[in-house]
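Contents: one structure, followed by commentary.
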Amino acid sequence: DAFYDARIAAPAEKLVVMTFVRTVSGKKMMDALDDALGRGVAENDPVRRTFLDLWTEEIKNKEEVAIGFGPAGEVTVYRSGKVTGQVSSKDLAAALLRSWLGTETVSDDIREGAAERFPALI
C-alpha cells in the first residue's frame, strides 16, 4: 500500500489513459467518476461539479480518453487527443488516483498493472 500511496502523492505529472471497449453513456461515466470522487472531495465542492460536467457526452467504443495530473493538482481531460477541460484541485486529483491505485480500487487489475509497468517509467 505504501508503494501506491507514494505514487499518488508524488509531486510529478501523471497520465491515465483509458481506451474504451464499449460505448458508455455520459451519465454512466459521470456516475462512476462521482463515486470515485467520494474518496476525498466534498459533495458541495464546486470543482467536483465542474469536473463531472466534462463527462456529459457519450464515449464511443475504441475511443481514447486520458486524464492528466499536474504536480500542483491540475486535472486535464483529453478526448481523442484534444483537451476538453481542466480543473485544479489536489483533493480531486488524489481521489481519482486513489480510485485506480488506492486500497479501495475499482479494479485490482488496474492497480497491479500500474505496479508492473512502473519500472519501465523510471
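Worth a mention:
- Of all residues in the range 51-65, those that are open to solvent by 10 Å² or more (accessible area, probe 1.4 Å) and either under 14 Å from VAL21 (Cα atoms) or not β-branched (Val, Ile, Thr) (or both) total 9.
- Residue match in the range 5-15 (condition: small (Gly, Ala, Ser) and open to solvent by 70 Å² or more (accessible area, probe 1.4 Å)): yes
- Of the set (1) more than 24 Å from SER25 (Cα to Cα); (2) open to solvent by less than 90 Å² (accessible area, probe 1.4 Å); (3) acidic (Asp, Glu), all apply to GLU116 but (2).
- Checking the stated criteria, ALA93 turns out to be within 28 Å of GLU116 (Cα to Cα) and open to solvent by less than 20 Å² (accessible area, probe 1.4 Å).
- Search result, residues across the range 16-50 that are closer than 28 Å to PRO71 by Cβ, open to solvent by 90 Å² or more (accessible area, probe 1.4 Å) and of a type in the set (Lys, Arg): ARG49
- Residue pairs meeting the criteria (Cβ under 7 Å; at least 6 apart or on separate chains; first under 22 Å from ASP5 (Cα atoms) and modelled with pLDDT under 95, in the range 72-100; second in a helix (DSSP H, G or I) and open to solvent by 60 Å² or more (accessible area, probe 1.4 Å)): GLY73/LYS90; TRP100/ILE110
- Per the listing THR56, THR50, THR76, THR19, the residue uniquely within 19 Å of VAL106 (Cα to Cα) and among the hydroxyl-bearing types (Ser, Thr, Tyr) is THR19.
The values are calculated or read from the model by the stated rules, or taken from the named source; none is laboratory data. Source: prediction; values computed, not measured. Cβ coordinates were reconstructed from backbone atoms using ideal geometry, including for glycine residues, and neighbour counts include every protein chain displayed. The accessibility values were calculated without ligands, DNA or RNA, using every heavy atom of the protein model including side chains. Shrake-Rupley method; radii C 1.70, N 1.55, O 1.52, S 1.80 Å.
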